[in-house]
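Worksheet: the structure to be examined is printed underneath.
What follows is calculated from the coordinates using simple rules that are stated; it is not laboratory data. In this text, all values refer to a predicted model and were calculated from it rather than measured experimentally. All Cβ positions, even for glycine, are placed from backbone atoms using ideal geometry, and neighbour counts span all protein chains on display.
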Amino acid sequence: MLSWQLVEFGRPLEPREGATPVPQGSEVVVKIAACGVCHSDVHLWDGYFDYGNGNKLSFAASMPLPFTIGHEIVGTVVAVGPGADGAKVGQRAVVFPWIGCGTCDVCTTGGEYYCAARVSIGTKRAGGFADHVLVPHPRYLFDHEGVPAALAATYACSGVTAYSALKKVPPLKASDYLVLIGAGGVGLSALQIAAAVTPAKLIVADISAEKRAAALAAGAHAAIDNSTPAGVAELKQIAGGGVWCAIDFVGAPASAQFGIDVLRRGGTLLMVGLFGGALSLPLAMVPPRLLTIRGSHVGSLVEMGELMDLAKAGKVKPIPVATRPMSLATTTLEDLRAGRVVGRVVLDPQA
């Protein structure tokens, strides 16, 4: 098999040949048709998360190099282990990558999403910037009949991340507004999925005029430039003084502060993005404003199944998806870091 591997943090990925995996036990091998490029791949490429105030979480010890990143995977099953009950050669599937250890109490009771020792594909196990990937069990394979492969790949992360965040939104009415901060791949996915989850009207905030235009074209009620001093006032004017909930798909200090500033008393900020940095928050303002700040990270196996059912039923509109050869993986990471990607780019190892 051929993989485009991270050999040195921050350096171009390198194509390397190795043995195609042979499945054991419940494992299956998937020949990859496409793998999406996610902003978390940029962090893995860099080798750290930015915790702000000069603090970084390094991956040097937890991710020995060379390593194959990539976790938005779609493809065809080409080999199955003797214990891979239900898996069939020729089966087309999206691969759910957020895998638990499989042995702890959390995993054995169906909650591996909360496992403290996850071994996710593309972060702990070899990922999808390759032409084949080893999947530990058929339960991580989801049919995508009727959904184009390149689009289906994005549901493994940007889609299920957006869906899981939307399910955490407090109950809203059709007269309410929900703010989506960031119109990248995950934010646009949320915009397209939201109608299946909440009746609220959607306001998108993004610093990019191109991405705001994409959000309006995708059906947003309004699009605000949250980089301007007037952004908060503009949004509050539209929403009648503030909103009950904002979802920050960026995760930068400025985007989180914008989310807090547009909340009405009793509002909730859902934090999803991992851009990095630290938020300075006056603690004495949290109780009087009755604020809730909650994290949401990727999604569960159950939520992945629910999302795929919605997508196959035609209840999720597609986000813009561009396909590039896998050989352009490094270029795509650079474009994503620089904000030059609208929607999602997926990599084709056969191109």
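Structure values in brief
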{"quantity": "Antiparallel DSSP beta bridges within the chain, as percent of all bridges there, nearest 5", "calculated": "55"}
{"quantity": "Reachable lysines, given that their alpha-carbon falls under 20 Å from the alpha-carbon of residue 168 and they are not under 8 places away in the same chain", "calculated": "201, 315"}
{"quantity": "Efficiency of FRET between residue 330 and residue 168 - r from beta-carbon atoms, R0 35 angstrom, step 0.05", "calculated": "0.55"}
{"quantity": "Charge dipole (debye, nearest 20) of the chain; +1 at Cβ of Lys and Arg, -1 at Cβ of Asp and Glu", "calculated": "700"}
{"quantity": "Nitroxide proxy distance, nm - points 7 Å out along Cα→Cβ at residue 337 and residue 351", "calculated": "2.1"}
{"quantity": "Theoretical FRET efficiency, 1/(1+(r/R0)^6), r = Cβ-Cβ of residue 124 and residue 317, R0 45 Å, to 0.05", "calculated": "0.85"}
{"quantity": "Placed amide H near residue 132: partners under 5 Å, 5+ positions off or other chain", "calculated": "2, 32"}
{"quantity": "Debye intensity ratio in log₁₀ form over the Cα atoms of the chain, taken at each q of 0.09 Å⁻¹", "calculated": "-0.48"}
{"quantity": "Residues in the range 113-142 reached by a label modelled at residue 302 [backbone nitrogen below 15 Å; 7 Å Cα→Cβ]", "calculated": "113-115"}
{"quantity": "Computed label-point distance, nm, for sites residue 283 and residue 227 using a 7 Å Cα→Cβ extension", "calculated": "3.4"}
{"quantity": "GNM result for the chain, Cα springs below 10 Å: residue of 290, 307, 270 fluctuating most strongly", "calculated": "290"}
{"quantity": "Whole-number D in µm²/s for the range 199-307 (Stokes-Einstein; Kirkwood sum over Cα pairs; 20 °C, 1.002 mPa s)", "calculated": "144"}
